[in-house]
Amino acid sequence: MATEVLVPTLGESITEATVGEWLKQPGDKVAADEPIASLETDKVSVEVPSPVAGVMGEHAVKVGDTVEVGALLATVDAGGSAPAQSSAPQPAATQSPANSPSPSPSQDDAAPVAGGYGNHGAAPVAGDGPAALSPSVRRAVLEHGVDPSTIKGTGKDGRITKEDVATAASSKPAASAAPAPAAVAPAAASGRKEERVKMTRLRQTIAKRLKEAQNTAAMLTTFNDVDMTAVIEARAKYKDLFEKKHGVRLGFMGFFVKAATMALKDIPSVNASIEGDEIVYRDYADISVAVSSPGGLVVPVIRDAQDLSVAGIEKTIGDFGRRAKDGTLKMDEMRGGTFTISNGGVFGSLMSTPIINPPQSAVLGLHRIEDRPVVVNGQVVVRPMMYLALSYDHRLIDGREAVTFLVALKNAIEDPTRILIDL
(Lines give C-alpha, C1' and ligand atoms only; values in the text may rest on other atoms or scores of the structure.)
Protein backbone atom coordinates (compact mmCIF):
# COMPACT_ATOMS: atom_id res chain seq x y z
CA MET A 1 0.00 0.00 0.00
CA ALA A 2 1.47 3.33 -1.06
CA THR A 3 1.70 6.07 1.55
CA GLU A 4 1.89 9.67 0.38
CA VAL A 5 4.69 11.91 1.69
CA LEU A 6 3.58 15.54 1.81
CA VAL A 7 5.50 18.77 2.32
CA PRO A 8 5.35 19.36 6.09
CA THR A 9 4.53 22.60 7.86
CA LEU A 10 7.69 24.68 7.57
CA GLY A 11 7.13 27.35 10.16
CA GLU A 12 5.22 30.55 10.69
CA SER A 13 4.71 32.59 7.47
CA ILE A 14 6.66 30.05 5.36
CA THR A 15 4.40 28.57 2.70
CA GLU A 16 6.80 27.06 0.18
CA ALA A 17 10.23 25.53 -0.21
CA THR A 18 12.62 24.27 -2.86
CA VAL A 19 13.52 20.60 -3.25
CA GLY A 20 17.22 20.62 -2.45
CA GLU A 21 18.09 16.95 -2.63
CA TRP A 22 16.56 13.48 -2.79
CA LEU A 23 18.16 11.33 -0.10
CA LYS A 24 16.33 8.19 -1.27
CA GLN A 25 15.78 6.97 -4.82
CA PRO A 26 12.88 4.84 -6.12
CA GLY A 27 13.40 1.26 -5.01
CA ASP A 28 15.54 2.13 -1.97
CA LYS A 29 14.57 0.63 1.36
CA VAL A 30 13.31 3.24 3.83
CA ALA A 31 12.93 3.01 7.60
CA ALA A 32 10.21 4.84 9.49
CA ASP A 33 11.27 8.44 10.25
CA GLU A 34 14.32 8.10 7.99
CA PRO A 35 14.96 11.28 5.94
CA ILE A 36 14.07 10.82 2.27
CA ALA A 37 14.39 14.39 0.98
CA SER A 38 15.84 17.75 1.92
CA LEU A 39 13.82 20.93 1.43
CA GLU A 40 15.37 24.38 1.35
CA THR A 41 13.47 27.31 2.82
CA ASP A 42 14.30 30.98 3.16
CA LYS A 43 16.20 30.31 6.37
CA VAL A 44 17.33 26.69 6.67
CA SER A 45 17.19 23.24 5.13
CA VAL A 46 14.58 20.81 6.42
CA GLU A 47 14.76 17.04 6.09
CA VAL A 48 11.49 15.26 5.34
CA PRO A 49 11.17 11.88 7.10
CA SER A 50 9.32 8.86 5.79
CA PRO A 51 6.06 8.30 7.70
CA VAL A 52 6.35 4.51 7.34
CA ALA A 53 8.90 1.78 6.72
CA GLY A 54 8.98 0.28 3.26
CA VAL A 55 10.33 0.96 -0.19
CA MET A 56 10.72 4.37 -1.80
CA GLY A 57 8.20 4.93 -4.58
CA GLU A 58 8.20 7.51 -7.35
CA HIS A 59 9.29 11.11 -6.85
CA ALA A 60 6.47 13.54 -7.57
CA VAL A 61 8.84 16.50 -7.98
CA LYS A 62 12.42 17.09 -9.07
CA VAL A 63 15.42 18.73 -7.41
CA GLY A 64 15.06 22.49 -7.80
CA ASP A 65 11.25 22.45 -7.97
CA THR A 66 9.30 24.82 -5.72
CA VAL A 67 6.67 23.07 -3.60
CA GLU A 68 3.98 24.40 -1.29
CA VAL A 69 3.12 23.13 2.17
CA GLY A 70 0.88 20.07 1.84
CA ALA A 71 1.96 19.25 -1.72
CA LEU A 72 2.81 15.68 -2.70
CA LEU A 73 6.54 14.92 -2.62
CA ALA A 74 6.65 11.16 -3.18
CA THR A 75 5.14 7.85 -2.17
CA VAL A 76 6.46 5.07 0.02
CA ASP A 77 5.23 1.50 -0.38
CA ALA A 78 4.60 0.54 3.24
CA GLY A 79 5.97 -2.84 4.19
CA GLY A 80 7.29 -3.45 0.67
CA SER A 81 10.71 -4.85 -0.11
CA ALA A 82 13.13 -4.11 -2.92
CA PRO A 83 14.45 -7.24 -4.67
CA ALA A 84 18.20 -7.37 -4.15
CA GLN A 85 18.91 -8.67 -7.65
CA SER A 86 16.74 -6.29 -9.61
CA SER A 87 17.15 -3.05 -7.70
CA ALA A 88 20.89 -3.08 -7.05
CA PRO A 89 22.03 -2.66 -10.67
CA GLN A 90 19.54 0.15 -11.31
CA PRO A 91 21.65 3.06 -9.95
CA ALA A 92 24.66 1.82 -11.93
CA ALA A 93 22.62 1.74 -15.12
CA THR A 94 21.41 5.31 -14.65
CA GLN A 95 24.64 6.68 -13.27
CA SER A 96 26.61 6.88 -16.51
CA PRO A 97 24.07 8.69 -18.70
CA ALA A 98 23.18 11.03 -15.86
CA ASN A 99 26.75 12.08 -15.31
CA SER A 100 27.93 12.14 -18.92
CA PRO A 101 26.18 15.37 -19.99
CA SER A 102 27.07 17.22 -16.80
CA PRO A 103 29.25 20.32 -17.14
CA SER A 104 32.96 19.86 -16.61
CA PRO A 105 33.85 20.02 -12.93
CA SER A 106 34.49 23.49 -11.63
CA GLN A 107 35.00 25.04 -8.25
CA ASP A 108 31.83 24.66 -6.19
CA ASP A 109 31.26 27.56 -3.84
CA ALA A 110 28.98 25.52 -1.60
CA ALA A 111 30.61 24.56 1.69
CA PRO A 112 31.18 20.88 2.56
CA VAL A 113 27.87 19.35 3.53
CA ALA A 114 26.16 16.02 3.56
CA GLY A 115 23.15 17.59 1.91
CA GLY A 116 24.52 19.96 -0.75
CA TYR A 117 22.17 21.69 -3.13
CA GLY A 118 22.04 22.33 -6.83
CA ASN A 119 19.70 22.17 -9.80
CA HIS A 120 21.22 18.99 -11.15
CA GLY A 121 18.61 16.42 -11.99
CA ALA A 122 21.10 13.58 -12.34
CA ALA A 123 20.64 10.53 -10.17
CA PRO A 124 23.05 10.47 -7.21
CA VAL A 125 26.09 8.27 -7.49
CA ALA A 126 26.00 5.38 -5.05
CA GLY A 127 28.48 5.70 -2.19
CA ASP A 128 29.64 3.41 0.56
CA GLY A 129 26.34 2.14 1.88
CA PRO A 130 22.81 3.24 1.07
CA ALA A 131 23.45 6.98 1.47
CA ALA A 132 23.45 8.88 -1.83
CA LEU A 133 25.90 11.60 -2.75
CA SER A 134 24.70 15.19 -3.01
CA PRO A 135 25.29 17.05 -6.30
CA SER A 136 28.17 19.10 -4.88
CA VAL A 137 29.87 16.02 -3.44
CA ARG A 138 29.32 14.14 -6.69
CA ARG A 139 31.11 16.91 -8.60
CA ALA A 140 33.97 16.82 -6.08
CA VAL A 141 34.29 13.04 -6.56
CA LEU A 142 34.55 13.51 -10.32
CA GLU A 143 36.96 16.42 -9.99
CA HIS A 144 39.36 14.59 -7.67
CA GLY A 145 38.97 11.21 -9.36
CA VAL A 146 38.42 9.27 -6.14
CA ASP A 147 36.30 6.17 -5.52
CA PRO A 148 33.42 7.13 -3.18
CA SER A 149 33.10 3.54 -1.98
CA THR A 150 36.51 3.89 -0.30
CA ILE A 151 35.58 7.06 1.59
CA LYS A 152 34.22 6.96 5.12
CA GLY A 153 31.61 9.69 5.47
CA THR A 154 31.71 12.04 8.46
CA GLY A 155 28.46 13.83 7.69
CA LYS A 156 25.04 13.19 9.15
CA ASP A 157 24.00 9.51 8.99
CA GLY A 158 27.46 8.67 7.60
CA ARG A 159 26.99 10.69 4.41
CA ILE A 160 30.10 11.81 2.53
CA THR A 161 30.96 15.53 2.55
CA LYS A 162 33.22 17.52 0.24
CA GLU A 163 35.78 17.65 3.05
CA ASP A 164 35.84 13.85 3.11
CA VAL A 165 36.44 13.81 -0.65
CA ALA A 166 39.25 16.38 -0.39
CA THR A 167 40.87 14.45 2.45
CA ALA A 168 40.70 11.21 0.49
CA ALA A 169 42.16 12.92 -2.59
CA SER A 170 45.07 14.44 -0.64
CA SER A 171 45.96 11.07 0.89
CA LYS A 172 46.03 9.20 -2.43
CA PRO A 173 49.43 7.93 -3.61
CA ALA A 174 50.94 9.83 -6.51
CA ALA A 175 50.40 6.91 -8.89
CA SER A 176 46.69 6.73 -8.16
CA ALA A 177 46.31 10.44 -8.84
CA ALA A 178 47.22 9.97 -12.52
CA PRO A 179 43.61 9.75 -13.79
CA ALA A 180 42.80 13.19 -12.31
CA PRO A 181 44.21 15.24 -15.21
CA ALA A 182 41.94 13.33 -17.59
CA ALA A 183 38.91 14.71 -15.75
CA VAL A 184 39.99 18.32 -16.31
CA ALA A 185 41.42 17.83 -19.79
CA PRO A 186 38.23 18.98 -21.54
CA ALA A 187 38.44 22.32 -19.70
CA ALA A 188 41.97 22.92 -20.94
CA ALA A 189 41.12 21.90 -24.49
CA SER A 190 38.05 24.08 -24.85
CA GLY A 191 39.41 27.13 -23.04
CA ARG A 192 37.33 29.15 -20.58
CA LYS A 193 34.23 27.55 -19.13
CA GLU A 194 31.17 28.73 -17.27
CA GLU A 195 28.70 26.90 -15.09
CA ARG A 196 25.25 28.22 -14.31
CA VAL A 197 23.85 27.13 -10.95
CA LYS A 198 20.49 28.31 -9.73
CA MET A 199 20.67 30.48 -6.64
CA THR A 200 19.53 28.65 -3.55
CA ARG A 201 16.44 29.95 -1.83
CA LEU A 202 18.57 30.95 1.14
CA ARG A 203 20.92 32.97 -1.06
CA GLN A 204 17.97 34.64 -2.84
CA THR A 205 16.47 35.61 0.51
CA ILE A 206 19.79 36.97 1.80
CA ALA A 207 20.19 39.06 -1.35
CA LYS A 208 16.65 40.40 -1.10
CA ARG A 209 16.86 41.30 2.59
CA LEU A 210 20.27 42.95 2.37
CA LYS A 211 19.20 45.05 -0.60
CA GLU A 212 16.02 45.94 1.26
CA ALA A 213 18.16 47.12 4.17
CA GLN A 214 20.17 49.38 1.88
CA ASN A 215 17.04 50.80 0.30
CA THR A 216 15.18 51.38 3.58
CA ALA A 217 17.63 52.18 6.34
CA ALA A 218 19.88 55.23 6.56
CA MET A 219 22.96 53.12 7.16
CA LEU A 220 26.16 54.45 8.63
CA THR A 221 29.22 52.62 9.99
CA THR A 222 31.35 53.83 12.89
CA PHE A 223 34.71 52.26 13.73
CA ASN A 224 36.84 51.83 16.82
CA ASP A 225 39.67 49.52 17.80
CA VAL A 226 40.23 47.45 20.90
CA ASP A 227 43.34 46.15 22.65
CA MET A 228 42.82 42.38 23.05
CA THR A 229 45.72 41.89 25.49
CA ALA A 230 43.61 41.33 28.62
CA VAL A 231 41.14 38.94 26.98
CA ILE A 232 43.93 36.94 25.33
CA GLU A 233 45.74 36.63 28.68
CA ALA A 234 42.55 35.60 30.48
CA ARG A 235 41.78 33.02 27.81
CA ALA A 236 45.30 31.58 27.89
CA LYS A 237 45.21 31.37 31.69
CA TYR A 238 41.81 29.76 32.11
CA LYS A 239 41.01 27.94 28.85
CA ASP A 240 42.01 24.48 30.11
CA LEU A 241 40.10 24.81 33.39
CA PHE A 242 37.16 26.34 31.52
CA GLU A 243 36.94 23.45 29.06
CA LYS A 244 37.33 20.87 31.82
CA LYS A 245 34.50 22.38 33.88
CA HIS A 246 32.06 23.43 31.16
CA GLY A 247 32.87 20.98 28.38
CA VAL A 248 33.32 23.72 25.80
CA ARG A 249 36.28 25.77 24.59
CA LEU A 250 36.68 29.34 25.78
CA GLY A 251 36.64 31.66 22.79
CA PHE A 252 36.44 35.38 22.24
CA MET A 253 32.77 35.45 21.24
CA GLY A 254 31.64 34.75 24.80
CA PHE A 255 33.39 37.92 25.97
CA PHE A 256 32.05 40.03 23.09
CA VAL A 257 28.45 38.82 23.40
CA LYS A 258 28.43 39.45 27.13
CA ALA A 259 30.05 42.86 26.71
CA ALA A 260 27.55 43.72 23.97
CA THR A 261 24.56 42.90 26.19
CA MET A 262 25.93 45.30 28.80
CA ALA A 263 26.46 48.05 26.22
CA LEU A 264 22.96 47.47 24.80
CA LYS A 265 21.54 47.97 28.28
CA ASP A 266 23.31 51.32 28.53
CA ILE A 267 22.39 52.39 24.97
CA PRO A 268 18.90 50.89 24.42
CA SER A 269 18.38 52.51 21.02
CA VAL A 270 21.00 50.17 19.51
CA ASN A 271 18.79 47.26 20.59
CA ALA A 272 15.58 48.89 19.36
CA SER A 273 13.77 48.79 16.00
CA ILE A 274 11.42 50.93 13.95
CA GLU A 275 7.94 49.57 13.30
CA GLY A 276 5.85 51.98 11.24
CA ASP A 277 5.96 55.30 13.06
CA GLU A 278 6.88 53.72 16.40
CA ILE A 279 10.17 52.78 18.05
CA VAL A 280 10.18 49.45 19.89
CA TYR A 281 12.57 49.38 22.87
CA ARG A 282 13.44 46.08 24.57
CA ASP A 283 14.67 45.13 28.03
CA TYR A 284 16.16 41.89 26.72
CA ALA A 285 18.92 41.11 24.23
CA ASP A 286 18.41 38.32 21.70
CA ILE A 287 21.80 38.24 20.01
CA SER A 288 22.06 36.88 16.47
CA VAL A 289 25.46 35.29 15.80
CA ALA A 290 26.64 34.43 12.30
CA VAL A 291 27.92 30.83 11.95
CA SER A 292 29.01 28.84 8.92
CA SER A 293 26.67 26.25 7.43
CA PRO A 294 26.83 24.10 4.28
CA GLY A 295 24.69 26.64 2.43
CA GLY A 296 26.54 29.72 3.66
CA LEU A 297 26.31 31.85 6.78
CA VAL A 298 23.23 31.42 8.94
CA VAL A 299 22.33 33.54 11.94
CA PRO A 300 20.84 31.66 14.90
CA VAL A 301 19.75 33.65 17.94
CA ILE A 302 21.01 33.46 21.53
CA ARG A 303 17.81 34.13 23.48
CA ASP A 304 18.02 36.34 26.59
CA ALA A 305 21.80 36.58 26.25
CA GLN A 306 21.85 39.19 29.01
CA ASP A 307 20.99 36.44 31.52
CA LEU A 308 23.68 34.00 30.37
CA SER A 309 27.23 33.69 31.67
CA VAL A 310 30.21 33.59 29.34
CA ALA A 311 30.14 29.80 29.70
CA GLY A 312 26.46 29.65 28.81
CA ILE A 313 27.04 31.81 25.75
CA GLU A 314 29.97 29.66 24.57
CA LYS A 315 27.92 26.48 25.00
CA THR A 316 25.08 27.94 22.96
CA ILE A 317 27.36 29.13 20.17
CA GLY A 318 29.16 25.77 20.09
CA ASP A 319 25.85 23.94 19.79
CA PHE A 320 24.75 26.28 16.98
CA GLY A 321 28.00 25.67 15.11
CA ARG A 322 27.70 21.88 15.28
CA ARG A 323 24.08 21.80 14.22
CA ALA A 324 24.67 24.33 11.43
CA LYS A 325 27.18 21.92 9.88
CA ASP A 326 24.71 19.04 10.29
CA GLY A 327 21.88 21.12 8.82
CA THR A 328 19.70 20.53 11.89
CA LEU A 329 19.15 24.10 13.02
CA LYS A 330 15.47 24.90 13.42
CA MET A 331 13.84 27.88 11.78
CA ASP A 332 12.57 29.18 15.12
CA GLU A 333 16.19 29.39 16.27
CA MET A 334 16.98 31.91 13.52
CA ARG A 335 14.04 34.21 14.03
CA GLY A 336 13.57 37.29 16.18
CA GLY A 337 17.06 38.55 16.99
CA THR A 338 17.42 42.13 18.23
CA PHE A 339 21.13 42.70 17.52
CA THR A 340 23.70 40.86 15.38
CA ILE A 341 27.39 40.10 15.88
CA SER A 342 29.34 38.90 12.84
CA ASN A 343 32.93 37.73 13.25
CA GLY A 344 34.66 38.13 9.91
CA GLY A 345 37.99 37.89 11.67
CA VAL A 346 37.88 34.09 11.60
CA PHE A 347 38.19 34.38 7.80
CA GLY A 348 41.01 36.95 8.00
CA SER A 349 39.01 40.16 7.50
CA LEU A 350 40.85 43.30 8.62
CA MET A 351 37.93 45.72 8.30
CA SER A 352 34.41 45.75 6.87
CA THR A 353 31.13 47.67 6.85
CA PRO A 354 28.52 45.03 7.75
CA ILE A 355 24.93 45.44 6.58
CA ILE A 356 22.15 45.42 9.17
CA ASN A 357 19.56 42.66 9.14
CA PRO A 358 16.05 44.21 9.18
CA PRO A 359 14.13 44.81 11.35
CA GLN A 360 17.22 45.09 13.53
CA SER A 361 18.82 48.50 13.68
CA ALA A 362 22.48 47.63 14.21
CA VAL A 363 25.14 44.98 13.59
CA LEU A 364 28.59 44.67 15.14
CA GLY A 365 31.44 43.45 12.94
CA LEU A 366 34.50 41.82 14.55
CA HIS A 367 37.75 41.43 12.65
CA ARG A 368 41.10 39.71 12.84
CA ILE A 369 43.53 40.33 15.67
CA GLU A 370 46.94 41.58 14.59
CA ASP A 371 49.93 43.12 16.33
CA ARG A 372 50.15 46.89 15.74
CA PRO A 373 52.18 49.68 17.29
CA VAL A 374 50.16 51.81 19.70
CA VAL A 375 51.04 54.50 22.22
CA VAL A 376 50.56 53.51 25.87
CA ASN A 377 51.61 55.93 28.62
CA GLY A 378 53.75 57.88 26.18
CA GLN A 379 55.56 54.78 24.93
CA VAL A 380 55.18 53.05 21.56
CA VAL A 381 54.41 49.39 22.23
CA VAL A 382 53.15 46.48 20.16
CA ARG A 383 49.71 45.23 21.14
CA PRO A 384 47.21 42.72 19.65
CA MET A 385 44.55 45.02 18.19
CA MET A 386 41.18 44.42 16.58
CA TYR A 387 39.00 46.81 14.58
CA LEU A 388 35.34 47.01 15.59
CA ALA A 389 32.67 48.20 13.14
CA LEU A 390 29.15 49.15 14.12
CA SER A 391 26.74 49.63 11.23
CA TYR A 392 23.46 51.18 12.30
CA ASP A 393 20.25 52.81 11.10
CA HIS A 394 20.84 56.53 11.44
CA ARG A 395 17.09 57.14 11.49
CA LEU A 396 17.05 55.68 15.00
CA ILE A 397 20.62 55.73 16.31
CA ASP A 398 22.60 58.95 16.50
CA GLY A 399 26.36 59.09 16.01
CA ARG A 400 26.86 59.91 19.68
CA GLU A 401 24.98 56.78 20.72
CA ALA A 402 26.93 54.61 18.26
CA VAL A 403 30.26 55.91 19.52
CA THR A 404 29.17 55.52 23.16
CA PHE A 405 28.17 51.92 22.47
CA LEU A 406 31.54 51.11 20.91
CA VAL A 407 33.44 52.79 23.74
CA ALA A 408 31.46 50.82 26.35
CA LEU A 409 32.23 47.61 24.45
CA LYS A 410 35.91 48.55 24.13
CA ASN A 411 36.19 49.29 27.87
CA ALA A 412 34.67 45.93 28.81
CA ILE A 413 36.97 43.95 26.50
CA GLU A 414 40.11 45.82 27.52
CA ASP A 415 39.23 45.32 31.19
CA PRO A 416 37.21 42.05 31.48
CA THR A 417 36.72 42.65 35.21
CA ARG A 418 33.99 45.09 34.15
CA ILE A 419 32.05 42.14 32.74
CA LEU A 420 32.32 40.35 36.09
CA ILE A 421 31.10 43.30 38.17
CA ASP A 422 28.66 44.66 35.53
CA LEU A 423 30.30 48.03 34.90
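Output the number of residues of the stretch 218-231 satisfying the condition of being of a type in the set (Phe, Trp, Tyr) and open to solvent by less than 40 Å² (accessible area, probe 1.4 Å).
If we filter the stretch 218-231 for residues that are of a type in the set (Phe, Trp, Tyr), which is where we start, we get 223.
Filter again for open to solvent by less than 40 Å² (accessible area, probe 1.4 Å), leaving none.
Number of matching residues: 0.
Leu409: assigned to a helix (DSSP H, G or I), under 22 Å from Thr229 (Cβ atoms) and modelled with pLDDT of 95 or more, yes or no? Even if it seems obvious, please write down each step before you answer.
On the way: assigned to a helix (DSSP H, G or I): yes; under 22 Å from Thr229 (Cβ atoms): yes; modelled with pLDDT of 95 or more: yes.
So Leu409 passes the test.
Show the residue pairs meeting these rules: Cβ distance below 6 Å; 6+ apart or different chains; first residue within the stretch 232-252 and surrounded by 13 or more Cβ atoms within 10 Å (Cβ to Cβ); second residue aliphatic (A, V, I, L, M).
Arg235/Leu250; Lys239/Leu250; Phe242/Leu250; His246/Ala311
Restricting attention to the stretch 408-423, which residues are more than 19 Å from Pro384 (Cβ to Cβ) and open to solvent by less than 70 Å² (accessible area, probe 1.4 Å)?
The one that is more than 19 Å from Pro384 (Cβ to Cβ) and open to solvent by less than 70 Å² (accessible area, probe 1.4 Å): Ala408.
Considering only the stretch 16-31, state which residues are under 22 Å from the mean Cα position of the chain (by Cα) and either modelled with pLDDT under 80 or small (Gly, Ala, Ser) (or both).
Step one: list which residues in the stretch 16-31 are under 22 Å from the mean Cα position of the chain (by Cα), which gives 16-23.
Across the stretch 16-31, the qualifying residues are Glu16, Ala17, Gly20.
Looking at the stretch 32-54, which of its residues are at pLDDT 80 or above, open to solvent by 50 Å² or more (accessible area, probe 1.4 Å) and either within 12 Å of Arg201 (Cβ to Cβ) or assigned to a loop (DSSP other than H, G, I, E, B) (or both)?
Result: Ala32, Asp33, Glu34, Pro51, Ala53.
Does Arg282 fit the bill of being closer than 19 Å to Leu264 by Cα and open to solvent by 20 Å² or more (accessible area, probe 1.4 Å)?
Working: closer than 19 Å to Leu264 by Cα: yes; open to solvent by 20 Å² or more (accessible area, probe 1.4 Å): yes.
So Arg282 fits the description; yes.
So which strands (runs of 3 or more DSSP E) are wholly in the stretch 280-343 and hold at least 3 residues that are polar (S, T, N, Q) and out of contact with any Lys or Arg (no Cβ under 7 Å at 6 or more places or on another chain)? First the steps, then the outcome.
Details: elements: 287-289, 291-293, 296-298, 339-343.
Result: 339-343.
Which condition does Gly54 not pass, out of (1) in contact with a Gly (Cβ under 6 Å, 6 or more places away or on another chain); (2) touching a residue at least 60 places away in the same chain (Cβ under 8 Å), if it passes all the others?
Status for Gly54: all satisfied but (2).
The values are calculated or read from the model by the stated rules, or taken from the named source; none is laboratory data. The model shown is predicted, which means the values in this text are computed figures rather than measured ones. Because the Cβ atoms are built from the backbone with ideal geometry, glycine has one as well, and the counts that use them run over all protein chains shown. Accessible surface areas use protein heavy atoms only, side chains included; no ligands, DNA or RNA. Shrake-Rupley method; radii C 1.70, N 1.55, O 1.52, S 1.80 Å.
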